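Okay, structure first, notes after.
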Amino acid sequence: MAHQSLYRTHRPATFADVVGQEQVTKPLEEVVKSKKIGHAYLFAGSRGLGKTSVARIFAAAIGCIENDLYEVDAASNNSVEDIRALTEGVYTLPFQSPYKVYILDEVHMLSKGAWNAFLKTLEEPPAYAVFILATTELEKVPETVQSRCQVFEFKKPTRAVLARMTAAVAKKEGYTLAPDAAELIAMLAEGSYRDALSVLQKVFAGADEKKLSRGMVEAATGAPKREQVHALISALAQGERGKALAAIESASKAGADIKLFLELVLEALRATLLIRYAADLRAPLADELGADEFSALETFAKEKGITHTTMLAFLNAAERIRYAPIPVLPLELAVLELFPE
């Protein structure tokens, strides 16, 4: 396998390749078709959503070749001198393209003086100059700059979108990714395409076969094991306070990320309740969870210990865990609230 990262190898090359950002790509395609090219665009959204990839696609679509495309990391080139050097270059004609395109990444990192120097160019740019500013913190971009740009906000993909994308990339690389393995990767990626592919690359590195299971993802990433989650769900289903507390302690001693462990517990509780109460969702849930997981949760659903109160107690734990000095404490408290005696 090539040493190049999956994110670079599978970076979208056309608007059609971009997944889940239609609110950005469709208007930009219309701009290209109409040839009404603006001089400044602002792409905002959290990391790993494809802002610079879309910027490059847009640059290519308006006829800008590599020689006339300039990428600037504003995090490390954020002084007045850096921006003055950039803006002086703006006024030289393009080499071979109709446009010179400047992509400024992490643009919120510019100093106040740099913004002031840049604003003059942004107000009266030459006709051939196009600026694409990218930021993860839109609120830090001055209003005077935002008002001179067409602003596009990138959305975090849903877990389902990330899971599909990850499975598709795995297939292109010659692997088969189990649905529940793709789901776990999507959860670990926390809404970032780039992070999902980074996790997948870790899994590839540790795989000695082409069929990738959830267990392989757990082993490669250190994610809590399914058995640890099931131990807690089983104890809750049976109303066993002692076993539930022991399951939490066991996961903690095994070095599990407790926040992620809780998220996996919430997923399992939700699925267990849906299996019991939503007959219409059983088939899609079986597809989503995989046969083994569905079968295990179906068994837990037959017990009467897990109710909406169980779900609420662990949702409250998820609220508390952010501020808990001891990560397992909110989970233990949830168990004690459910089974006080």
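In the frame of its principal axes, segment 226-338 has Cα extents of 41, 24, 23 Å, reported largest first. Here the chain is scanned for trypsin sites (Lys or Arg not before Pro) in DSSP loops (not H, G, I, E, B) that have at most 15 other Cβ atoms within 10 Å, and the longest stretch holding none of them is 48-154. Considering every Cα-Cα pair within segment 143-194, what fraction, in whole percent, is farther apart than 14 Å? I get 57 percent for the Cα pairs in segment 143-194 exceeding 14 Å. For the Cα trace of segment 82-134, dividing Rg by the Kirkwood Rh returns an Rg/Rh value of 0.95.
Along each principal axis, taking the top coordinate minus the bottom one, the Cα set of the chain gives 76, 43, 37 Å in descending order. 3J(HN,Hα) couplings calculated from phi for segment 45-53 with the Karplus curve 6.51 cos²θ - 1.76 cosθ + 1.60 (θ = phi - 60°) are, in sequence order, x, 5, 5, x, 9, x, 4, 6, 4 Hz; Gly and Pro show x.
Enclosing the Cα atoms of segment 47-150 in their convex hull gives a volume equal to 96 cubic angstrom per residue. Each residue of segment 1-106 gets 133 Å³ once the volume of the Cα convex hull is shared out per residue.
Count Lys and Arg as plus one, Asp and Glu as minus one, and take only other residues whose Cβ is under 12 Å from that of A244; the net charge is then -2. Counting Lys and Arg as +1 and Asp and Glu as -1 over every other residue whose Cβ lies under 15 Å from the Cβ of L281, the net charge comes to -3. Taking the empirical scaling 2.2 N^0.38 Å for compact globular proteins as reference, segment 159-221 has a Cα radius of gyration ratio of 0.92. Note on segment 108-183: along the principal axes its Cα atoms extend 53, 28, 19 Å, ordered by decreasing extent. Test of the criteria: in segment 91-161, which GluC sites (Glu not before Pro) are in a DSSP loop and have at most 16 other Cβ atoms within 10 angstrom of their Cβ? Hits after loop and neighbour filter: E137.
Applying the criteria of a DSSP loop state and at most 13 other Cβ atoms within 10 Å to the chymotrypsin sites (Phe, Trp or Tyr not before Pro) of segment 55-102 yields Y91, F95. Taking each DSSP H run with n ≥ 4 as -39500 (n - 2.57) and averaging over every residue of the chain yields -17000 deg cm²/dmol at 222 nm. Can you give the net charge of the other residues whose Cβ lies under 11 Å from the Cβ of S46, counting K and R as +1 and D and E as -1? For residues surrounding S46, the net value is +1.
Amide hydrogen proximity for V72: with H placed 1.01 Å from N in the peptide plane, the residues at 5 or more positions away or on another chain lying under 5 Å are I103, L104, D105.
Only the coordinates and a few stated rules stand behind these numbers; no lab work does. Given the structure is predicted, the values throughout are model-derived calculations rather than measurements. A quick note on method: Cβ atoms are made from the backbone with ideal geometry, for glycine too, and the neighbour counts reach across all protein chains shown.
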